[in-house]
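Visitor: Right, I'll just put the structure down here and ask away after.
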């Protein structure tokens, strides 16, 4: 049964919302999902995140927490009896935070623009494609350094950086399906390839990340709106 | 004597570099300051932060850490025998992180553009001025909520959010001096007004934040370059 103490305001296909859901699953915390409607913002959302007016928002014991990476850190710190999401070593924590910020600041905006068709013209598309591939190669390298040959960025188990990057897996696959780009490739990015399989099939993840076909359909619906903006 | 174990790569007038220096001072950690030259980037910087190629970088025991807020969190977690920089309560930590991210994402870019004269035209200036004032009023409100009537955002002592916001005090004063804007005002923002006095005169801070006149001179030198970009 869903806990009424924890609520997540979001939309099912939002990777940043999925990030929060995966973190809660890792800690075995039940929550109530409050689905926002496409094209409008609920009063609860506006009241809970008056500064940015954006999903996800998590409400815990009546108190709202905003911004997905901040929420994931909060989840790690509020439910200390579950497995650690952030690494324990200060330097490993800094590295995980660095790459999570990189993904949000550099990788996701390009992936999003690509998914919603707001990159127009062959030249702009080539630039965006190159940026995405550059990002993927950096993450392949980060996987080797952070994961140290183990299964996940977090080592033997899913951690902060796995959640931060892994929430985009569905959208990466949707972009692959809609274009000629192969983002995660068995030969070019063998580390990420194996990681993506393991992450995507994990119990905390598999029912959260939307099906690729669903995201492709959504992208087609959203594309004309994105272009009009 | 400066510790050779901790190095900070930066420039003295950079508020993000000052942020790291203040955090190290709060923990009484000595460090060697490696000053970057205007208009060029050292090999050490490029090697230590190959992804963003930006200051500040802190090197601890030979390992580089990048991004000022990530460095401050690292300092808090690596030197646990000093006073805590982040609050201990998970919700207070989330709030501190939220407002620190707000300052970096929304407030600082506008302040910076204003300081370096890259906001051109009366209309754009009016918009930027309004954005800055909106930000200041939000921070006044955050001070009341996070500080709960005490001296600092962090309560009785300087904490994460004090460092995150306070590093911009010098530049805020420089902008005030160069324009007709009064950002921190005894009547309109009494909370921030008292806080700014206390923060700026604190031992960990007072020798780090550059003099307003120095920053005004620098802004005048930088303005033509900013416009040319």
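Yes/no matrix, rows are residues, columns are (1) assigned by TED's automatic domain parsing to the domain that holds residue B:117; (2) buried (at least 21 other Cβ atoms within 10 Å of the Cβ); (3) within 16 Å of the chain's Cα centre (by Cα); (4) in contact (Cβ under 8 Å) with a residue 24 or more places away in the chain:
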| residue | (1), (2), (3), (4) |
| --- | --- |
| B:175 | yes, yes, yes, yes |
| B:178 | yes, no, no, yes |
| B:182 | yes, no, no, no |
| B:186 | yes, no, no, no |
| B:191 | yes, no, no, yes |
| B:202 | yes, no, yes, yes |
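Visitor: Also, quick follow-up: Among the residues of the stretch A:56-65, write down those that are in contact (Cβ under 8 Å) with a residue 12 or more places away in the chain, part of a strand (DSSP E or B), surrounded by fewer than 24 Cβ atoms within 10 Å (Cβ to Cβ) and within 10 Å of chain B (Cβ to nearest Cβ). Give the steps one after another, and end with the answer.
Guide: Taking the stretch A:56-65 and keeping what is in contact (Cβ under 8 Å) with a residue 12 or more places away in the chain, we get A:56-61, A:64.
Imposing the further condition that a residue be part of a strand (DSSP E or B) reduces the set to A:57-60, A:64.
Right, trim to surrounded by fewer than 24 Cβ atoms within 10 Å (Cβ to Cβ) and you get A:59-60, A:64.
Correct list: A:60, A:64.
Visitor: Determine which member of the set A:139, A:132, A:111 is within 18 Å of residue A:189 (Cβ to Cβ) and more than 15 Å from the chain's Cα centre (by Cα). Reasoning before the result, please.
Guide: On the way: A:139 fails: more than 15 Å from the chain's Cα centre (by Cα); A:111 fails: more than 15 Å from the chain's Cα centre (by Cα).
The match here is A:132.
Visitor: Being surrounded by 22 or more Cβ atoms within 10 Å (Cβ to Cβ), at the interface with chain A (Cβ under 8 Å from one of its Cβ atoms) and under 30 Å from residue B:133 (Cβ atoms): is that true of residue B:100 here? Outline the logic, then answer.
Guide: Numbers: surrounded by 22 or more Cβ atoms within 10 Å (Cβ to Cβ): yes; at the interface with chain A (Cβ under 8 Å from one of its Cβ atoms): no; under 30 Å from residue B:133 (Cβ atoms): yes.
Considered against the rule, which asks whether it is surrounded by 22 or more Cβ atoms within 10 Å (Cβ to Cβ), at the interface with chain A (Cβ under 8 Å from one of its Cβ atoms) and under 30 Å from residue B:133 (Cβ atoms), residue B:100 comes out as no.
Visitor: Any residue that is modelled with pLDDT of 95 or more, out of contact with any helix residue (DSSP H, G or I) (no Cβ under 9 Å at 6 or more places or on another chain) and more than 10 Å from chain A (Cβ to nearest Cβ) - is there at least one of those in the stretch B:71-92?
Guide: The answer is no; no qualifying residue exists.
Visitor: Looking at this structure, is residue B:228 surrounded by 15 or more Cβ atoms within 10 Å (Cβ to Cβ), closer than 30 Å to residue B:121 by Cα and at pLDDT below 95? Even if it seems obvious, please write down each step before you answer.
Guide: Details: surrounded by 15 or more Cβ atoms within 10 Å (Cβ to Cβ): no; closer than 30 Å to residue B:121 by Cα: yes; at pLDDT below 95: yes.
Criteria not met by residue B:228.
Visitor: Among the helices (runs of 4 or more DSSP H) lying completely within the stretch B:78-154, list those that include at least 3 residues that are in contact with a strand residue (DSSP E or B) (Cβ under 8 Å, 6 or more places away or on another chain).
Guide: Numbers: elements: B:90-102, B:108-115, B:122-147.
In the stretch B:78-154, the matching helices (runs of 4 or more DSSP H) lie at B:90-102.
Visitor: In a strand (DSSP E or B), surrounded by 21 or more Cβ atoms within 10 Å (Cβ to Cβ) and either at pLDDT below 95 or more than 14 Å from every other protein chain (Cβ to nearest Cβ) (or both), is that true of residue B:9?
Guide: Here the answer is yes, as residue B:9 does meet what is asked.
Visitor: Residue by residue through the stretch A:119-151, note down the ones that are more than 26 Å from residue A:213 (Cβ to Cβ), at pLDDT 95 or above and surrounded by 20 or more Cβ atoms within 10 Å (Cβ to Cβ).
Guide: A:142, A:143
Here is a yes/no grid of residues against (1) assigned to a loop (DSSP other than H, G, I, E, B); (2) surrounded by fewer than 19 Cβ atoms within 10 Å (Cβ to Cβ):
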position: B:19; (1), (2): no, no
position: B:29; (1), (2): yes, yes
position: B:34; (1), (2): no, yes
position: B:41; (1), (2): yes, yes
position: B:44; (1), (2): no, yes
position: B:47; (1), (2): no, yes
position: B:54; (1), (2): yes, yes
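The values are calculated or read from the model by the stated rules, or taken from the named source; none is laboratory data. Worth saying up front: this structure is predicted, and the values here are computed from it rather than measured. Glycine also receives a Cβ, built like all others from the backbone with ideal geometry; neighbour counts cover every protein chain displayed.
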